[in-house]
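Following: one structure in structure tokens, then a few remarks.
The values are calculated or read from the model by the stated rules, or taken from the named source; none is laboratory data. What you see is a predicted model, and the numbers here were worked out from it, not measured in a lab. Here the Cβ positions follow ideal geometry from the backbone for every residue, glycine too, while neighbour counts run over all protein chains shown. To get the accessible areas, we keep the full protein, side chains included, count just its heavy atoms, and leave off ligands, DNA and RNA. Shrake-Rupley method; radii C 1.70, N 1.55, O 1.52, S 1.80 Å.
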Amino acid sequence: MKSPLKTTAELLSQLPSAVRQNVLLKLHCVERMSEAQPGKANATARELSIAHGYRVQSIQRWVGAFKRHGIEGLIDRRQIVKA
């Protein structure tokens, strides 16, 4: 029996291109934050915010969403138009 949980690749392949690119950017930021040395997370968040044009608080929110919900927590549902 196949697991009801989707793999990351399956989930990403089903998203519209713009949404997929947005999720991949957020995932990149989350990965960089997870690699930050202890005590350097704020500096890393600032660097990412400057590089990508997002607020530090947004990046910190993405980290929390990823911890709680995995990659699905990084999908901005407002970007998905329902048919």
Single residue of the stretch 54-83 satisfying the filter (surrounded by 11 or more Cβ atoms within 10 Å (Cβ to Cβ) and aliphatic (A, V, I, L, M)) that is farthest from residue 13 (Cα to Cα): 56
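Yes/no per residue for (1) modelled with pLDDT of 95 or more; (2) of a type in the set (Val, Ile, Thr):
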residue	(1), (2)
40	no, no
55	yes, no
58	yes, no
65	yes, no
68	yes, no
71	no, yes
78	no, no
83	no, no
Residue 6 vs. criteria of a type outside the set (Asp, Glu), surrounded by 12 or more Cβ atoms within 10 Å (Cβ to Cβ) and under 15 Å from the mean Cα position of the chain (by Cα): no
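Counting only residues that are within 14 Å of residue 74 (Cα to Cα) and open to solvent by 30 Å² or more (accessible area, probe 1.4 Å), how many does the stretch 28-53 have? Show your work before the answer.
If we filter the stretch 28-53 for residues that are within 14 Å of residue 74 (Cα to Cα), which is where we start, we get 28-31.
Cutting the leftovers down to open to solvent by 30 Å² or more (accessible area, probe 1.4 Å) gives us 28, 31.
Going through the stretch 28-53 one residue at a time, the tally reaches 2.
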